[in-house]
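Take a look at the structure set out below.
The values are calculated or read from the model by the stated rules, or taken from the named source; none is laboratory data. The model shown is predicted, which means the values in this text are computed figures rather than measured ones. Positions of Cβ are backbone-derived with ideal geometry, glycine not excepted, and every protein chain shown enters the neighbour counts.
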Amino acid sequence: MMLSDRHPILLANARIVDPSRDLDIVGDLLIAEGVIREAKKGIGAAGVPEGTDVIDCRGRLIAPGLIDMRAFIGEPGEANRETLASASQAAAAGGVTTIICQPDTSPTIDNPATVDFVLRRARDNAIVHVHPMAAITKGLEGKEMTEIGLLKAAGAVAFTDGAKSVANAQVMRRALTYAGDFDAMIVHHTEDPNLIGDGVMNEGEFAARLGLLGIPKAAETVMLERDIRLVALSGGRYHAASVTCVDSLEILRRAKDAGLNVSASASINHVTLNENDIGPYRTFLKLAPPLRTEDDRKALVQAVGSGLVDVIMSDHNPQDVETKRLPFAEAAPGAIGLETMLTAGLRLVHGGEIELTALLRAMSTRPAELLGLPGGTLKSGAPADVIVVDMDLPWVLDPDELKSKCKNTPFDEARLTGRVVRTIVSGRTVYEYV
Amino acid sequence: MLNENINDGDECLVDRRVTPLPDKPVAPIGLALMTIAPKPSFVLSRRHLLGIEGLSHADISGLLDLAEEFVDLNRQVEKKRASLRGRTQINLFFEVSTRTQASFELAGKRLGADVMNMSTSSSSMRKGETLIDTAITLNAMHPDIIVVRHHASGAVELLARKVDCSVINAGDGSHEHPTQALLDALTIRRNKGHIEGLLVAICGDILHSRVARSNIILLNAMGARVRVVAPSTLLPPGIERFGVEVARDMREGLADADIVMMLRLQRERMNGSYVPSMSEYFHYYGLDEKKLAYAKPGAMVMHPGPMNRGVEIDSIVADGAQSLIREQVEMGVAVRMAVLEALSRNLPNA
């Protein structure tokens, strides 16, 4: 997608972590013509091709560029919230080299022409790779199936109704069955709209104290359980878009043990925050599905570590002042996350809650495998989508410095440790922190 | 001394002499009473009153003591004080209210403030202006106190963050209604002599009730036993962690109760089916003489109003000898005067 740099690049003296083959070594990584040549100890000492740019990483981390499996971008239709260009700038600053954008746009990404439009806009304006998911149902209305075959051929990497759930079980069953013929993955937001009702945050004591109506965990588990039964019936390939609670993990465990083709994501917010972080009605922490309890958060992190939850995604959802500076119940849900996904995840690594390799696997290797994308690895011949990370750099997040058009970050002014210092896409440096 | 201060409100604030007030309403009295200022010792160390949450036992007692003095004042012919003279109070009501707004208006006027009422029916708040914009606009007019009611929980706190003056929560969504809890406490204290150790049964639509939340917090802080009585669909999940006993049946719920506090069934907030019908609700949870007999003999009946007669309370009980409902309204003005007075002491140049 990007033109590769003329010169080969040697990233020397780095800690190289490649979750696709459980590699964690100190060594060098050579990139040429947009692909990774090799990653091992002593490449630099053995001599590199003439004209190679040698970058001394001084012990910093090298990892595959992140693949963010769920980002809501405002293009087409709501460019005031986010464009493919601004999202890609944010992504590059956060170490995300591939964005998977969601079909909740205006118009909806539910026909091959719109898929083509997004791909062309991305090619012209974005500095990282962009692949769209297309809608499961036309107009995200949950009624009629989209042209799954043609959409996949046009470049849709998976099918989802984005932040909406397909409430009609018959529609879902048919979509799973039909998509199976094309080996297309159905990605589903599992929240029963009727059980959500007027709820705006996790149901329980804290919601009761704030005088806010709650969303029970059952809103998620009822839908997830239904879906799993439908997967068993149809044999399709299924991915739960955002699981949040212990109960869902049990359902997932059973489905995987039964050998169903089921996988799941958790958002970076749900693995790093809990409902108490909402504090005095902080609308930046109003999310869909809602933040749950600390027990749920811990269980999610553990599930990512064990691989039960396959993917951590940003759930990037830009909302501006008009939709967020409102009373909690009236504010739009969603938080931006492309730029902070990795650094927030590193909190878990620094806190000893998860292994670095497991975190990186959930943010790169697993999404690549599930979506059939070539990235997420540092193997020879893979696309040179690579990030360099200073694991220990302390910094404070200043919303004004964020590249995203909207500043609705739950990590507003948070103290963070570790940040991306270089992002390389197809062999070309697209972001450098100096 | 008294005569010197007749026309000088500021002076009488400086010289806060406490003069005992007569017990009964007194016939025509001189302007001299304007000099009777409330206890200067009590300080509520906060700029806003956004909820009962966070108030200490001493804060609550102090406000109630202060309100007692205003109860006496309000029963006199001359009800005017000057402690808020020169101050501007805006009553900003995003939700229709008769008694609370009237109560705050009277309270402010009796303390000498210039009071302005704004409600959704007559303003740009209807034209799509956001809460924040309204707050910023009003703030530019330099009010000293804004009294806010809003249909969304947390809205008053949001507004308070955007203004420089004091903000009083007159009810936000299902969150808090602090002055209601204070007036209920004052009513209870005056009738029972104390709050500590009493068993208060709060009955009805707990889920949607800001009155219930504020009362639970206040009564717990003051050492009362609180029991909530409601069908499970009208109890917020997690209520058992509020330090209350929970009952689903009026016989069990009212047993040994000293105070029976009924709540209004908030039909306007019921998007969805919480109870099958008003008549079934009244049958099981409406307070009539038979159910009131489950409570302790002489138990007092309260209701924050407005009442749905025949839905949650029977008229015979509402208007009966055990009812404190009209007294609650009277205490409302006094308590709001106390809150205004206490907060005004923290205002700049107070």
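A:Ala207 satisfies every condition listed in (1) part of a helix (DSSP H, G or I); (2) more than 14 Å from chain B (Cβ to nearest Cβ); (3) surrounded by 20 or more Cβ atoms within 10 Å (Cβ to Cβ) except (2).
If the requirement is being within 14 Å of chain A (Cβ to nearest Cβ), on the phi < 0 side of the Ramachandran plot and either crowded, with 19+ Cβ neighbours inside 10 Å or among the basic types (Lys, Arg) (or both), which of these qualifies: B:Tyr285, B:Tyr281, B:Tyr274?
On the way: B:Tyr285 fails: within 14 Å of chain A (Cβ to nearest Cβ); B:Tyr281 fails: within 14 Å of chain A (Cβ to nearest Cβ).
Exactly one residue qualifies, and that residue is B:Tyr274.
In region A:406-434, what residues are at pLDDT below 95 and on the phi > 0 side of the Ramachandran plot? Across region A:406-434, the qualifying residue is only A:Glu413. Against the conditions (1) away from chain B (no Cβ under 14 Å); (2) at positive phi, A:Ala299 satisfies every one except (2).
Take the residues in region A:308-367 that are among the hydrophobic types (A, V, I, L, M, F, W, C) and within 14 Å of chain B (Cβ to nearest Cβ); name whichever of them is farthest from B:Asp172 (Cα to Cα). Lay out the reasoning, then the answer.
Of the residues in region A:308-367, the ones among the hydrophobic types (A, V, I, L, M, F, W, C) are A:308-309, A:311-313, A:321, A:326, A:328-329, A:331-332, A:335-336, A:338, A:341-342, A:344, A:346, A:348-349, A:354, A:356, A:358-360, A:362-363.
Checking the rest, the ones that are also within 14 Å of chain B (Cβ to nearest Cβ) come to A:321, A:326, A:328-329, A:331-332.
On the way: A:Val321: 22, A:Leu326: 13, A:Phe328: 11, A:Ala329: 12, A:Ala331: 16, A:Ala332: 19 Å.
So the residue we want is A:Val321.
For region B:159-194, enumerate the residues that are surrounded by fewer than 24 Cβ atoms within 10 Å (Cβ to Cβ) and part of a loop (DSSP other than H, G, I, E, B). Result: B:Arg161, B:Lys162, B:Val163, B:Asp164, B:Cys165, B:Gly193, B:His194.
Results for (1) under 18 Å from A:Ser314 (Cβ atoms); (2) in contact with a helix residue (DSSP H, G or I) (Cβ under 9 Å, 6 or more places away or on another chain), shown as yes or no for each residue.
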| residue | (1), (2) |
| --- | --- |
| A:Leu233 | no, yes |
| A:Ala240 | yes, yes |
| A:Gly259 | no, no |
| A:Pro289 | yes, yes |
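Here's the yes/no breakdown for (1) under 26 Å from A:Tyr281 (Cβ atoms); (2) more than 14 Å from chain A (Cβ to nearest Cβ); (3) over 18 Å from the mean Cα position of the chain (by Cα):
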position: B:Ser83; (1), (2), (3): no, yes, yes
position: B:Arg87; (1), (2), (3): no, yes, yes
position: B:Val96; (1), (2), (3): yes, yes, no
position: B:Gln101; (1), (2), (3): yes, yes, no
position: B:Gly108; (1), (2), (3): no, yes, no
position: B:Met116; (1), (2), (3): no, yes, yes
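Looking at this structure, is A:Leu260 free of Cβ contacts under 8 Å to residues at least 60 places away in the same chain, more than 14 Å from chain B (Cβ to nearest Cβ), of a type outside the set (S, T, N, Q) and assigned to a loop (DSSP other than H, G, I, E, B)?
Numbers: free of Cβ contacts under 8 Å to residues at least 60 places away in the same chain: yes; more than 14 Å from chain B (Cβ to nearest Cβ): yes; of a type outside the set (S, T, N, Q): yes; assigned to a loop (DSSP other than H, G, I, E, B): yes.
It is true that A:Leu260 is free of Cβ contacts under 8 Å to residues at least 60 places away in the same chain, more than 14 Å from chain B (Cβ to nearest Cβ), of a type outside the set (S, T, N, Q) and assigned to a loop (DSSP other than H, G, I, E, B).
The single condition among (1) aliphatic (A, V, I, L, M); (2) closer than 27 Å to A:Gly305 by Cα; (3) not in a strand (DSSP E or B) that A:Ala63 does not satisfy is (3). B:Ser45 - would you say it is surrounded by fewer than 22 Cβ atoms within 10 Å (Cβ to Cβ), without any contact (Cβ under 8 Å) to a residue 24 or more places away in the chain and hydroxyl-bearing (Ser, Thr, Tyr)? No, not satisfied.
Just to check your reading of the model, which residue among A:Ile268, A:Ile186, A:Ile196 is surrounded by fewer than 23 Cβ atoms within 10 Å (Cβ to Cβ), more than 11 Å from every other protein chain (Cβ to nearest Cβ) and either modelled with pLDDT of 95 or more or out of contact with any helix residue (DSSP H, G or I) (no Cβ under 6 Å at 6 or more places or on another chain) (or both)? Before the answer, list the steps.
On the way: A:Ile268 fails: surrounded by fewer than 23 Cβ atoms within 10 Å (Cβ to Cβ); A:Ile186 fails: surrounded by fewer than 23 Cβ atoms within 10 Å (Cβ to Cβ).
Exactly one of A:Ile268, A:Ile186, A:Ile196 is surrounded by fewer than 23 Cβ atoms within 10 Å (Cβ to Cβ), more than 11 Å from every other protein chain (Cβ to nearest Cβ) and either modelled with pLDDT of 95 or more or out of contact with any helix residue (DSSP H, G or I) (no Cβ under 6 Å at 6 or more places or on another chain) (or both), namely A:Ile196.
The criterion of being of a type in the set (A, V, I, L, M), over 24 Å from B:Phe42 (Cα atoms) and within 13 Å of chain A (Cβ to nearest Cβ) does not hold for B:Leu92. Give me the residue from region A:210-246 that is touching a Gly at 6+ places or on another chain (Cβ under 9 Å) and within 25 Å of A:Ile148 (Cα to Cα) and, out of that set, nearest to the other protein chains (Cβ to nearest Cβ). Among residues in region A:210-246 that are touching a Gly at 6+ places or on another chain (Cβ under 9 Å) and within 25 Å of A:Ile148 (Cα to Cα), the one nearest to the other protein chains (Cβ to nearest Cβ) is A:Ala241.
Taking residues in region B:209-228 that are under 17 Å from B:Leu49 (Cα atoms) and of a type in the set (Lys, Arg), and partners anywhere that are part of a strand (DSSP E or B) and at pLDDT 95 or above, the pairs with Cβ atoms closer than 7 Å and at least 6 places apart or on different chains are B:Arg210/B:Gly171; B:Arg210/B:Asp172; B:Arg210/B:Glu176; B:Arg213/B:Glu176. In region A:301-324, the qualifying residues are those that are charged (D, E, K, R) and modelled with pLDDT of 95 or more, and the one that is nearest to A:Ala90 (Cα to Cα) is A:Asp315. For region A:210-257, filtering for residues that are touching a strand residue (DSSP E or B) at 6+ places or on another chain (Cβ under 6 Å), part of a helix (DSSP H, G or I) and closer than 30 Å to B:Asp205 by Cβ leaves 0. Restricting region A:263-305 to residues that are part of a helix (DSSP H, G or I) and of a type in the set (D, E, K, R), which is nearest to A:Gly214 (Cα to Cα)? Per the stated criteria, the residue is A:Glu275. If you filter region B:97-120 down to residues that are assigned to a helix (DSSP H, G or I) and free of Cβ contacts under 8 Å to residues at least 40 places away in the same chain, you find that the one that is farthest from B:Asp144 (Cα to Cα) is B:Thr120. Among the residues of region A:239-257, the ones that are farther than 21 Å from A:Phe72 by Cβ and in contact (Cβ under 8 Å) with a residue 12 or more places away in the chain come to 11 in all. Being on the phi < 0 side of the Ramachandran plot, among the small types (Gly, Ala, Ser) and in contact (Cβ under 8 Å) with a residue 40 or more places away in the chain is the filter here, so list the residues in region A:37-87 that pass it. If the condition is that a residue be on the phi < 0 side of the Ramachandran plot, among the small types (Gly, Ala, Ser) and in contact (Cβ under 8 Å) with a residue 40 or more places away in the chain, then A:Ala39, A:Ala63, A:Gly65, A:Ala71, A:Gly74, A:Ala85, A:Ser86, A:Ala87 are the ones that fit.
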